[in-house]
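All remarks here apply to the structure that follows.
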Amino acid sequence: MIRPPVRLRSNEVVTHLFKPSRKHELPREYREAVLRSVIERAQRPQAPPITQSYLEQLQHLDSRGHRVLSVYLEIPEDPRMRMELGALVEDLAREHGGQSEELEREVGLVQEFLRERQEWPGRGLALYSCQPVSFWQEYWLPVRMPNILRFDAKPAIRPLVAVLDDYERYAVLLVDTRQARLFSVFMGSIEEHLEFLDEDVIPKSKKGPPGRSETHYLMHQRWHLKRVVDKLDDFYERHPFDRLVVAGPEETTSTLRELLPDPLARRFAGSFEASMDDTAASILEETLAIEERLEREQELELIDELIVVASRGGRAVVGVDDTLEALLLTRVHKLVVAHGLQLSGWACPRDQYLSAKPIDRCPWCGTQMMAVDDLADRAIQKAIDLEGLVDVVGGEAADRLRKHGGMGAVLRF
Ligand SMILES: [Zn+2]
């Protein structure tokens, strides 16, 4: 019996929308229904936030012995290149998922999903699918994901966990002379903390400085801001964040900045002009712009440091040969790759020994090496298999890294 698709509530994992069909081949109507619901959800302006607890749920997905497809994709900025994503998934499946009819069906659904896309609300995409138990979950991520495909007993959540660990949590304080609102921004999603609302300081009817005196008014204002800062400090104790953004009239935000105690002051990332009734969407947009700028600065710092430390023979390497060598010796703590890097080279089909230079036989097992044109993707896959971190950098940082082969690494030892 075919039932209409159940709409998923945000952040909820539903493993059995339908009773699993006895045969492997799912009816076309079913596939279409799933696809429609998937597309509807994906087109919501806000994707549900990814949390640690969500990932734990995902890890415990009961797939009844069926294998689960996990796909991570870096979304190209060039729309023409996005049309190639379906073919890329097929390549990844051939190289990293093995061959089976089950996998082919999963890949087919992913390709259909990619083909139907109207909007691409992220720089990275994480997809998990297990058709035999009617499971499908996709996440658009504000960060570039390395291209990875896995077809295993459990969803491969490591790449997403690594991103979560690496991703910074922002608190955005919106404040004026009377009120305050607080938001959290994480992985491109915004959430307001309603318990934070603060508006009982000066009666609303009094718009400007009250009749008594300017000093009295300023005192009140300062007192209000001090109270807001205390509340923020409390909040920080309970829900630590990495960065603080302050929004509001310029005068107020600069006064407030002076009142920030040390741990909060060190987390200050920037401020912007806003008013108390601005929408969460506009607050998010401004915050993401600050985040983007900061991220670009951090990427540049990382690359410059890599290059300097590597040149001194410290715990870093740059260049394809040195990086691959470190990777194969399991010395890589964080692999750093320039966005969109294409490299050809050689790989051992048995143990994934990698080489940028032509070699005939694998030094580890003696197997005939094969020529590959996705050496960078394979290096990323290797780093993740070895529980390392991966950072795909863009913009100016990528340009600088490309002058050194487009690849480098922070080493463990
Ligand atoms: Zn080998």
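The values are calculated or read from the model by the stated rules, or taken from the named source; none is laboratory data. These numbers come from a predicted model, not from an experiment. With ideal geometry, Cβ positions are generated from the backbone for all residues, glycine too; neighbour counts draw on all protein chains shown.
Can you confirm whether S275 is modelled with pLDDT of 90 or more, outside any helix (DSSP H, G or I) and over 30 Å from R144 (Cβ atoms)?
Yes, satisfied.
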| When you go through L284, L343, L324 one by one, which is the residue that is more than 16 Å from the ligand (Cβ to nearest atom), of a type in the set (A, V, I, L, M) and assigned to a helix (DSSP H, G or I)? | L284
| Any residue at all in the range 384-391 that is at pLDDT below 95 and within 16 Å of the ligand (Cβ to nearest atom)? | yes
| said: Return the residues of the range 234-253 that are under 24 Å from the mean Cα position of the chain (by Cα) and under 22 Å from E291 (Cβ atoms); say none if nothing qualifies. | reply: Y236, H239, P240, F241, D242, R243, L244, V245, V246
| said: So, in the range 329-340, how many residues would count as being within 24 Å of L73 (Cα to Cα) and either within 16 Å of the ligand (Cβ to nearest atom) or of a type outside the set (D, E, K, R) (or both)? | reply: 8
| query | So how many residues does the range 224-272 have that are assigned to a loop (DSSP other than H, G, I, E, B) and surrounded by fewer than 18 Cβ atoms within 10 Å (Cβ to Cβ)? | reply | 5
| message | Here's a check for you: in the range 350-368, which residue that is assigned to a loop (DSSP other than H, G, I, E, B) and more than 8 Å from the ligand (Cβ to nearest atom) is farthest from L73 (Cα to Cα)? | response | D360
| message | Looking at the range 379-398 only, could you name the residues that are without any contact (Cβ under 8 Å) to a residue 60 or more places away in the chain and assigned to a helix (DSSP H, G or I)? | response | A379, K382, A383, D385
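Being buried (at least 17 other Cβ atoms within 10 Å of the Cβ) and in the same structural domain as R400 (by TED's automatic domain parsing) is the requirement here; does L284 meet it?
Answer is no for this residue.
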| message | I want to confirm something. Restricting to the range 308-321 and keeping residues that are buried (at least 17 other Cβ atoms within 10 Å of the Cβ) and in a helix (DSSP H, G or I), which single residue is nearest to the chain's Cα centre (by Cα)? | response | V320
| said: Being out of contact with any Gly (no Cβ under 9 Å at 6 or more places or on another chain) and either among the small types (G, A, S) or surrounded by 15 or more Cβ atoms within 10 Å (Cβ to Cβ) (or both): is that true of T279 here? | reply: no
| task | Consider R312 carefully, then state whether it is within 16 Å of the ligand (Cβ to nearest atom), over 29 Å from I157 (Cα atoms) and modelled with pLDDT of 90 or more. | result | no
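Taking the residues in the range 157-188 that are among the small types (G, A, S) and either surrounded by 19 or more Cβ atoms within 10 Å (Cβ to Cβ) or at pLDDT below 80 (or both) as candidates, determine which candidate is farthest from E251 (Cα to Cα).
That would be A162.
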| request: Out of the residues in the range 62-113 that are in contact with a Pro (Cβ under 8 Å, 6 or more places away or on another chain) and either basic (K, R) or assigned to a strand (DSSP E or B) (or both), state the one that is surrounded by the fewest Cβ atoms within 10 Å (Cβ to Cβ). | output: R64
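Yes or no, residue by residue, for (1) more than 25 Å from V410 (Cβ to Cβ); (2) of a type in the set (D, E, K, R); (3) in contact with a strand residue (DSSP E or B) (Cβ under 6 Å, 6 or more places away or on another chain):
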| site | (1), (2), (3) |
| --- | --- |
| A316 | no, no, yes |
| L324 | no, no, yes |
| L327 | no, no, no |
| R331 | no, yes, yes |
| L341 | no, no, no |
| A356 | no, no, yes |
| W364 | no, no, no |
